[in-house]
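Below is one structure; the comments refer to it alone.
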Amino acid sequence: MQLNKILKGLAITLPLMTLAACSSNDKKFEDQSSEMNNGAEVTDGSDSGVDTDAISPMDMSFEEKLAAKYGQAILENTISFAYDQSEIAPEYRVVLNAHAQYLVESQKSVTIEGHTDERGTPEYNIALGERRALSVVRYLQSMGVPATQLSTVSYGEEKPANFSHSDAAYAENRRAVLIY
Amino acid sequence: MKNKLLMLIGLWFAVIANAHAKLEIVVTEGVDTARVVAVLPFKFEGEGVAPQDLAEIVSTDLMRSGKFNPLARSKMPQTPSLSSDIDFNAWASLGAEALVTGVVTMPEPGKYQVTFELVDVISGQQGNSATYVLDKRRSVVKESQMRQYAHRISDIVYEKLTGEKGAFLTRIAYIAVDQTDKYPYQLRISDYDGFGEKLVVRSQEPLMSPSWSPDGRKLAYVSFENNRSQIYIQDIYTQERTQLTSFPSINGAPKWSPDGQQMAMVLSKDGQPDIYVMNIRTRDLRRVTSHRSIDTEPSWDPSGKSLIFSSERGGKPQIYRVDLATNETKRLTWEGEMNLGGSLTFDGKNLVMVSRNKGQYQIARQDLETGDLFVLTASSLDESPSVAPNGSMIIYSTIYGGKKNLALVSMDGRFKAKLPARSGEVRAPAWSPYLN
């Protein structure tokens, strides 16, 4: 009985996890509830309580449609920043312009995550991450996206994209990410 | 109901006793001028083997304080268990100024009676038996309390010999991050020496900024379990957990006031990160700073009358002090490219912080009377300093072996030790207040 439950949980967990690995942790809360509906339940601390990090499968043709309508740039969702900076570099305008157009037309909501590298104290980096997220918010607002569709969360240095402690990792980690 | 289950999935509370230390202290820089003492092996008069080598624990404690250089057992001329059997001249010739002797008996199974004496060698040489015993105590302790009792002995010895209270019977809280774990982010506590590690809370989303209540019973910390920052308070004994704040945007850097009634914190609900103080019982919130630049990292003056904090109001981050009655704000740091993460020692005389020099983040101490700045560490990314309650040592996070780990440095910078973690990375240490 117990094993059966675990296997059930695993069966749905694995494919979702591979999906999650290449996409962002979109709408975590809802996805957890769908996992619940699929029968993964908390039994005890050891093997249940599996928490997947899934999104609803993305239809490739939907992506293609998006790209066709708003340009390839809509498929990018990460804006990189220079060390200790929160200004948006000119090369990311095309990306943000595409998202702005999509947001205006779809009226969807987006959360902008702000991240930093690990240099500087964790608390300062939370503030810097928020500043980066707000830079993106201001840019999107200037392109006509209503404030009500935009929210931010700063993770500072707590959720690096690259876990090593090198300059290359630091560059990768200084970012804002748009999560629909 | 579903929400409750979801919370169980996202978070798993547990208190797991662990016999081994996940962290282990490795001394990297000693102090030549440390005072020579000796902790003689305690004689065990019970059945079987002694449950703990108390003398070894005490000896290691004293060595780690950076103030003592305990003699190795192999160099001891004799190992009597009673002060009356000590050959004082033999110890004096080795430069030892004080000795600890002890006897452990077993009045009933699982219970141990520990008797120890702290002996002054010079008085002993003079043959004055009335004065050479500096302290003598006897206690009955359970097997599970033996390590703690050893730290208690260390506290007594340290205080008798230095005049300062010892901080060996204390704990540290820290965040362990292991991306291979199902719950990568874990808030844990252990004894100050890494033993007796326990899990406080674990989550799939980041945990940050643990802060001890002044009675050592509770921790405040930041959790992202709901995909946003929120401040929680958790009782480490009962596991009772309360959400203290969930304002829009940043909820960060909680710091308990010295009287335990208020929580200083950073909120950005009003536009940018500013310092606030909340009454924990009534939840009344008071805004302390309101500046368009970043204000963060509040820390209490021991009197509870002012806060120090980091601010970018002068350009790069520097440390300021704000008087809570008058709101008068004064800049405290002027040296270094930037200074961050400041806290005051418990006598209020020193500011301990992260100081950036030539792009390197290092732990520094500023004497607030003279303004002198002492850089205490030398690696590239040392941060999150937390001071022991007696002001003798600082625990901080640093990078070695390609990983974030904890390290210790004495207040004068002369003694250093590492606490390498066995797996994953460890960060954000917070030293507890006195627990006795």
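The values are calculated or read from the model by the stated rules, or taken from the named source; none is laboratory data. These numbers come from a predicted model, not from an experiment. Every residue, glycine among them, receives a Cβ derived from its backbone with ideal geometry; neighbour counts consider all protein chains shown. Each accessible area value is taken on the protein alone, full model and side chains, heavy atoms only, with ligands, DNA and RNA left out. Shrake-Rupley method; radii C 1.70, N 1.55, O 1.52, S 1.80 Å.
Somewhere in the stretch B:195-203, is a residue farther than 21 Å from B:Val426 by Cα, at pLDDT 95 or above and in contact with a Phe, Trp or Tyr (Cβ under 7 Å, 6 or more places away or on another chain)?
So in the stretch B:195-203, the residues farther than 21 Å from B:Val426 by Cα come out as none.
Scanning the stretch B:195-203 turns up no residue that is farther than 21 Å from B:Val426 by Cα, at pLDDT 95 or above and in contact with a Phe, Trp or Tyr (Cβ under 7 Å, 6 or more places away or on another chain).
Do you know which residues across the stretch B:252-280 are among the small types (Gly, Ala, Ser) and out of contact with any Ser or Thr (no Cβ under 8 Å at 6 or more places or on another chain)? Show your work before the answer.
Initially, the stretch B:252-280 is screened for residues among the small types (Gly, Ala, Ser), giving B:252-253, B:257, B:260, B:264, B:268, B:271.
Selection gives B:Ser257, B:Gly271.
Could you grab me the full set of residues in the stretch B:195-214 that are of a type outside the set (Gly, Ala, Ser) and either touching a Pro at 6+ places or on another chain (Cβ under 7 Å) or under 13 Å from B:Ile233 (Cα atoms) (or both)?
Filtering the stretch B:195-214 down to residues of a type outside the set (Gly, Ala, Ser) leaves B:195, B:197-202, B:204-208, B:210, B:212, B:214.
Across the stretch B:195-214, the qualifying residues are B:Val200, B:Val201, B:Gln204, B:Leu207, B:Met208, B:Pro210, B:Trp212, B:Pro214.
I'm trying to understand the selection: among the residues of the stretch B:207-230, which are in a loop (DSSP other than H, G, I, E, B) and either within 12 Å of another protein chain (Cβ to nearest Cβ) or without any contact (Cβ under 8 Å) to a residue 12 or more places away in the chain (or both)? Let's see the steps before the verdict.
Start the filter on the stretch B:207-230 by keeping residues that are in a loop (DSSP other than H, G, I, E, B), which leaves B:213-217, B:224-229.
Listed by number, the residues that qualify are B:Phe224, B:Glu225, B:Asn226, B:Asn227, B:Arg228, B:Ser229.
Answer with yes or no whether A:Leu134 is in contact with a helix residue (DSSP H, G or I) (Cβ under 8 Å, 6 or more places away or on another chain), at pLDDT 95 or above and more than 8 Å from chain B (Cβ to nearest Cβ). Give the steps one after another, and end with the answer.
Values: in contact with a helix residue (DSSP H, G or I) (Cβ under 8 Å, 6 or more places away or on another chain): no; at pLDDT 95 or above: yes; more than 8 Å from chain B (Cβ to nearest Cβ): yes.
No, not satisfied.
Of these, B:Lys404, B:Lys358, which one is buried (at least 18 other Cβ atoms within 10 Å of the Cβ) and modelled with pLDDT under 95?
Numbers: B:Lys358 fails: buried (at least 18 other Cβ atoms within 10 Å of the Cβ).
Only one candidate qualifies: B:Lys404.
All but one of (1) under 26 Å from A:Asp84 (Cβ atoms); (2) open to solvent by less than 10 Å² (accessible area, probe 1.4 Å); (3) among the β-branched types (Val, Ile, Thr) hold for B:Thr329; which doesn't?
Status for B:Thr329: all satisfied but (2).
Give the stretch B:43-68 a look and list any residue that's in contact with a helix residue (DSSP H, G or I) (Cβ under 7 Å, 6 or more places away or on another chain) and closer than 25 Å to B:Gly163 by Cα, or say none. It would help to see each step written out before you state the result.
Taking the stretch B:43-68 first, the residues in contact with a helix residue (DSSP H, G or I) (Cβ under 7 Å, 6 or more places away or on another chain) are B:51-52, B:54, B:57-58, B:61-62, B:65, B:67-68.
Scanning the stretch B:43-68 gives B:Leu54, B:Ile57, B:Val58, B:Asp61, B:Leu62, B:Ser65, B:Lys67, B:Phe68.
When the residues of the stretch B:317-337 are narrowed to those that are at pLDDT below 95 and within 14 Å of chain A (Cβ to nearest Cβ), which ends up nearest to A:Asn125 (Cα to Cα)?
Among those that are at pLDDT below 95 and within 14 Å of chain A (Cβ to nearest Cβ), it is B:Glu337.
Here is a list of conditions, (1) buried (at least 23 other Cβ atoms within 10 Å of the Cβ); (2) small (Gly, Ala, Ser); (3) closer than 22 Å to B:Thr398 by Cβ, and A:Gly114 meets all of them except one; can you say which number that is?
Condition not satisfied by A:Gly114: (3).
Could you tell me whether any residue of the stretch B:93-101 is under 20 Å from B:Arg35 (Cβ atoms), hydrophobic (A, V, I, L, M, F, W, C), more than 27 Å from the chain's Cα centre (by Cα) and in a loop (DSSP other than H, G, I, E, B)? Give the steps one after another, and end with the answer.
Just the residues of the stretch B:93-101 that are under 20 Å from B:Arg35 (Cβ atoms), to begin with: B:93-101.
Those still in the list that are hydrophobic (A, V, I, L, M, F, W, C) too: B:94, B:96, B:98-100.
Checking the rest, the ones that are also more than 27 Å from the chain's Cα centre (by Cα) come to B:94, B:96.
With in a loop (DSSP other than H, G, I, E, B) added as a condition, the list becomes B:94, B:96.
Yes, the stretch B:93-101 contains a residue that is under 20 Å from B:Arg35 (Cβ atoms), hydrophobic (A, V, I, L, M, F, W, C), more than 27 Å from the chain's Cα centre (by Cα) and in a loop (DSSP other than H, G, I, E, B).
Would you check which residues across the stretch B:289-305 are away from chain A (no Cβ under 14 Å) and either surrounded by fewer than 22 Cβ atoms within 10 Å (Cβ to Cβ) or of a type in the set (Lys, Arg) (or both) and list them? Quick ask: steps written out before the conclusion?
Initial filter on the stretch B:289-305 (away from chain A (no Cβ under 14 Å)): B:290, B:300-305.
Residues satisfying the conditions are B:Ser290, B:Asp301, B:Pro302, B:Ser303, B:Gly304, B:Lys305.
One residue is enough: does the stretch B:71-82 have a residue meeting the conditions buried (at least 16 other Cβ atoms within 10 Å of the Cβ) and at positive phi?
no
With in contact (Cβ under 8 Å) with a residue 24 or more places away in the chain, open to solvent by 10 Å² or more (accessible area, probe 1.4 Å) and at negative phi as the only criterion, which of A:Pro160, A:Pro90 stands out?
Values: A:Pro90 fails: in contact (Cβ under 8 Å) with a residue 24 or more places away in the chain.
Of the residues listed, the single one that is in contact (Cβ under 8 Å) with a residue 24 or more places away in the chain, open to solvent by 10 Å² or more (accessible area, probe 1.4 Å) and at negative phi is A:Pro160.
Only one residue in B:Asp215, B:Asp181, B:Asp193 is among the acidic types (Asp, Glu), more than 18 Å from B:Ser299 (Cβ to Cβ) and open to solvent by less than 10 Å² (accessible area, probe 1.4 Å). Which one? Outline the logic, then answer.
Working: B:Asp215 fails: open to solvent by less than 10 Å² (accessible area, probe 1.4 Å); B:Asp181 fails: open to solvent by less than 10 Å² (accessible area, probe 1.4 Å).
Matching residue, one of B:Asp215, B:Asp181, B:Asp193: B:Asp193.
Just need a number here: residues in the stretch B:35-65 that are of a type in the set (A, V, I, L, M, F, W, C), surrounded by fewer than 18 Cβ atoms within 10 Å (Cβ to Cβ) and touching an Asp or Glu at 6+ places or on another chain (Cβ under 9 Å).
1
Check whether at least one residue in the stretch B:231-242 is more than 24 Å from the chain's Cα centre (by Cα), within 14 Å of another protein chain (Cβ to nearest Cβ) and either open to solvent by 10 Å² or more (accessible area, probe 1.4 Å) or of a type outside the set (D, E, K, R) (or both), and report yes or no.
no
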